[in-house]
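*Asks:* Here it is: the structure, laid out below.
The values are calculated or read from the model by the stated rules, or taken from the named source; none is laboratory data. Predicted model only: the values in this text are computed from it and were never measured. Cβ: placed from backbone, ideal geometry, glycine included. Neighbour counts: every protein chain shown. Side chains included, ligands, DNA and RNA excluded: accessible areas come from the protein's heavy atoms. Shrake-Rupley method; radii C 1.70, N 1.55, O 1.52, S 1.80 Å.
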Amino acid sequence: MKKGWGLRAYAVIYLAFLYAPILLLPLFAFNDAAIIAFPLSGFSTRWFEQLWTTQALHDALQNSLIIATVTAVLATTLGVCAARAGTLANFPGKSGALGFIMLPLVLPEIVIAVALLIVVRQVFDLELSNLTVIAAHTVICIPFSIAILNGAFQNLDPSFEEAAMDLGETRWGAFRLVILPLVFPGIVSSLLICFIISLDDFVIAQFLTGANPTMPVYIYGLTRFVDALPLIMALGTILVTISITLLVIAEYFRRRGVARAGLKDSGGFL
Amino acid sequence: MTYSPSAAPLIQLRDVHKHYGDYHALRGIDLEIKKGEFFSLLGPSGCGKTTLLRTIAGFEAPSSGSLTIDGRDMAGVAANHRPTNMVFQSYAIFPHLSVAENVGFGLRRDPRSKAEKARAVAESLEMVGLGGYGARAAHALSGGQRQRVALARALILKPKVLLLDEPLSALDKKMRETMQVELIKLQRNVGITFILVTHDQEEALIMSDRIAVMFEGNIAQMADPETMYRRPNSRRVAEFIGKMNLLPATAAMERNRIVVDVAGLGRGAIEPDQAPSGVQPGATTVGIRPETLSILFPGETTDRRLAAGTVDEVVYFGDMTYYDVRIPGVEQPLTISMKNLIGRPVLDVGAVTQVVWDERSLVVLSR
Ligand SMILES: Nc1ncnc2c1ncn2[C@@H]1O[C@H](COP(=O)(O)OP(=O)(O)OP(=O)(O)O)[C@@H](O)[C@H]1O
Ligand SMILES: [Mg+2]
């Protein structure tokens with residue numbers, strides 16, 4: 001029974017490294033002291049109360065939510081098109097095209113950010129605004145969206161579309177009535193993941209944001225003030241909770257999609 | 001095999017070619033299928049059966065040639081506007097819908113009332129033996145049930161032609177045999193023209209009014225099952241359908257009759273229909289089916305032709321025994337199938353026997 005203990009130990013250490021720092025967030029967020037240090041002094045919700053009354057924070061949050069929502073919708077729509085083309089259709093140069101689409105997944109974010117900044121400011125001479133952040137976030141979200149949706153589309157019988165058309169539907173009708181309902185859980189999953197990515201992104205937003213900062217950019221700004229650190233802890237606690245909740249919901253929908261198509265599960269995020 | 005076709009063909013293909021890039025998948029298909037016919041496309045894997053079926057369905061456009069259905073040219077007519085419906089090899093049952101929703105899928109544009117449509121769905125399910133299954137979830141059905149749903153879903157639209165791409169290949173042997181019989185009955189009942197793709201020659205023989213055997217994008221022979229079996233027009237067709245003994249022979253014309261001298265057996269005069277692909281004087285090949293040969297058991301007599309031989313191999317099937325008998329002067333042993341009747345022993349390898357043959361069962365295969 002002791003077989004594989006090495007791997008198990010590795011897994012435990014890995015998870016500890018990954019999550020222990022995050023566990024510090026709620027610890028200090030509820031700590032009744034302005035400095036981040038042990039020992040803890042006592043339970044308090046005053047940092048959360050302070051968050052509640054900070055107007056600049058509300059603006060940043062609103063900004064982030066708008067950007068994340070629009071990004072999720074845009075990236076998922078484009079992801080559906082790409083995944084549909086990638087799995088159900090056949091065209092010359094298909095594998096090459098798909099390879100290029102997935103490229104942003106491995107490029108350093110800062111490279112993408114700088115490149116996009118040059119395009120926006122030097123090539124098109126546009127003002128930085130929420131729109132530029134949305135455009136950039138869409139670019140980095142599309143590969144994730146495609147990866148999720150490819151899974152959903154690959155689970156489909158390639159004859160579904162033709163069968164629907166054979167029964168009198170147009171191509172669009174076949175897509176709407178058969179393909180879309182079957183990949184719907186994948187779409188929800190993609191929307192949520194893109195939403196989280198956009199919400200959490202700092203590097204790209206830092207470069208491309210206009211006059212109104214997004215949430216992570218605002219938090220970064222706060223770090224210049226030492227006494228704001230507990231505030232960041234509180235904010236971080238909220239963000240982590242939201243992210244994990246969304247991720248769980250996304251995974252739930254992905255699994256439901258697999259079950260609905262009557263197939264075996266083959267990996268996923270959780 | 002009692003169909004009564006009307007005069008005009010329902011489906012007509014003229015010199016249809018299909019290219020996939022460099023690959024020439026259909027190489028000049030000429031085909032006429034009559035109304036009410038049960039027609040099978042039979043051939044080995046990759047010969048173009050599915051391509052031909054999909055061309056008729058409208059999922060592939062021919063590279064050249066013409067296709068008419070019921071007198072209407074189908075060029076530029078999309079699949080959803082053709083009077084054809086298809087049963088896919090995977091059945092393509094929509095897993096997110098119930099059985100009834102699957103069957104009623106094609107009725108969405110039907111102007112009938114909801115209640116009438118529901119009745120049509122129920123009738124259609126009844127017809128395929130799935131009465132009362134309407135509310136079931138489609139993804140929870142067995143293979144045979146899926147196939148029935150696929151049939152009901154296609155037939156509810158009353159197509160002029162039903163296209164079936166290897167509909168039975170995913171089923172186990174028992175289920176397949178049951179469905180073969182049910183499909184024949186169903187076709188007789190609804191009177192719709194069926195085009196069945198299969199690579200199973202037995203299935204084609206059992207089910208069809210007419211069969212087209214395809215090799216490499218060409219139709220090699222088109223005939224009713226009996227002609228196809230008894231009078232194949234080439235060695236390839238003969239060997240693809242059932243088992244055929246092939247023997248070298250010499251053909252000659254004597255007083256307006258064709259006479260063949262078969263290696264190891266002897267001379268015999270044959271009728272013109274025994275040479276479906278014609279005959280040239282000189283060396284040729286003749287075919288003999290195993291069941292038209294027999295072994296003369298001890299105590300039996302015959303006034304037919306005899307040839308002496310030695311048993312080389314015995315394969316016992318229960319109701320039948322297959323013998324390979326070596327005849328002096330013939331390279332390949334002859335395969336002979338014998339019914340295991342009462343009083344007939346199963347011979348051992350090495351037994352010396354007499355083979356009974358008849359020139360009426362010869363077929364000259366000049367190609
Ligand atoms: N979309 C396509 N693109 C390129 N080649 C194709 C395409 N569809 C079929 N082919 C080729 O055309 C040939 C005939 O294919 P088809 O599917 O009609 O064969 P089949 O007789 O149905 O075989 P099987 O019994 O294996 O189903 C095959 O060699 C196949 O590789
Ligand atoms: Mg095929």
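*Asks:* Residues that are away from chain B (no Cβ under 11 Å) and more than 23 Å from B:ALA138 (Cα to Cα): which helices (runs of 4 or more DSSP H) entirely in segment A:143-209 hold 2 or more of them?
*Replies:* It comes to A:180-200, A:203-208.
*Asks:* Let me ask something additional. In the list B:ILE29, B:ILE69, B:ILE93, which residue meets the criterion of being of a type in the set (A, V, I, L, M) and closer than 16 Å to B:MET214 by Cβ?
*Replies:* Just one listed residue meets the conditions, B:ILE29.
*Asks:* Would you mind telling me which numbered condition in (1) at pLDDT below 80; (2) in contact with a Gly (Cβ under 9 Å, 6 or more places away or on another chain); (3) of a type outside the set (Asp, Glu) A:LYS264 fails?
*Replies:* It is condition (2) that A:LYS264 fails.
*Asks:* Right, here's the next one. If the requirement is being surrounded by 15 or more Cβ atoms within 10 Å (Cβ to Cβ) and modelled with pLDDT of 85 or more, which of these qualifies: A:ALA152, A:ALA85, A:ALA72?
*Replies:* On the way: A:ALA152 fails: modelled with pLDDT of 85 or more; A:ALA85 fails: modelled with pLDDT of 85 or more.
The match here is A:ALA72.
*Asks:* When segment B:197-211 is examined, which residues are found to be under 19 Å from B:ILE69 (Cα atoms) and within 12 Å of ligand 1 (Cβ to nearest atom)?
*Replies:* Listed by number, the list holds a single entry, B:VAL197.
*Asks:* Give all pairs with beta carbons closer than 9 Å in which a residue from segment B:164-186 that is within 14 Å of chain A (Cβ to nearest Cβ) and over 14 Å from B:LEU41 (Cβ atoms) meets a residue that is open to solvent by less than 30 Å² (accessible area, probe 1.4 Å) and within 16 Å of ligand 1 (Cβ to nearest atom); count only pairs at least 6 apart in sequence or on separate chains.
*Replies:* As it stands, the answer is B:ALA170/B:TYR91, since those pairs meet every condition given.
*Asks:* Also: Does segment A:9-25 contain at least one residue that is closer than 11 Å to A:LEU231 by Cα and out of contact with any strand residue (DSSP E or B) (no Cβ under 8 Å at 6 or more places or on another chain)?
*Replies:* Initial filter on segment A:9-25 (closer than 11 Å to A:LEU231 by Cα): A:25.
Then keep just the ones that are out of contact with any strand residue (DSSP E or B) (no Cβ under 8 Å at 6 or more places or on another chain); that gives A:25.
Looking for residues that are closer than 11 Å to A:LEU231 by Cα and out of contact with any strand residue (DSSP E or B) (no Cβ under 8 Å at 6 or more places or on another chain), one finds at least one in segment A:9-25, hence yes.
*Asks:* Residue check: is B:ILE184 farther than 24 Å from A:VAL178 by Cβ, modelled with pLDDT of 85 or more and out of contact with any His (no Cβ under 9 Å at 6 or more places or on another chain)?
*Replies:* Working: farther than 24 Å from A:VAL178 by Cβ: yes; modelled with pLDDT of 85 or more: yes; out of contact with any His (no Cβ under 9 Å at 6 or more places or on another chain): yes.
Judged against the criteria, B:ILE184 is a match.
*Asks:* While we're here: Residues B:GLY268, B:GLY264: which one is assigned to a loop (DSSP other than H, G, I, E, B) and among the small types (Gly, Ala, Ser)?
*Replies:* Numbers: B:GLY268 fails: assigned to a loop (DSSP other than H, G, I, E, B).
Exactly one of B:GLY268, B:GLY264 is assigned to a loop (DSSP other than H, G, I, E, B) and among the small types (Gly, Ala, Ser), namely B:GLY264.
*Asks:* Pairs please, first residue from segment B:65-93 and more than 9 Å from every other protein chain (Cβ to nearest Cβ) and assigned to a loop (DSSP other than H, G, I, E, B), second anywhere and open to solvent by less than 50 Å² (accessible area, probe 1.4 Å) and among the charged types (D, E, K, R), Cβ atoms under 7 Å, 6+ apart in sequence or on different chains.
*Replies:* Within 7 Å, the pairs are B:MET74/B:ARG82.
*Asks:* Would you tally the residues in segment B:50-66 being open to solvent by 10 Å² or more (accessible area, probe 1.4 Å) and either within 16 Å of ligand 2 (Cβ to nearest atom) or within 22 Å of B:ILE192 (Cβ to Cβ) (or both)?
*Replies:* Taking segment B:50-66 and keeping what is open to solvent by 10 Å² or more (accessible area, probe 1.4 Å), we get B:50-51, B:54, B:58-66.
Next, from what is left, pick out any that are either within 16 Å of ligand 2 (Cβ to nearest atom) or within 22 Å of B:ILE192 (Cβ to Cβ) (or both): B:50-51, B:54, B:58-60.
Counting residues in segment B:50-66 that are open to solvent by 10 Å² or more (accessible area, probe 1.4 Å) and either within 16 Å of ligand 2 (Cβ to nearest atom) or within 22 Å of B:ILE192 (Cβ to Cβ) (or both) gives 6.
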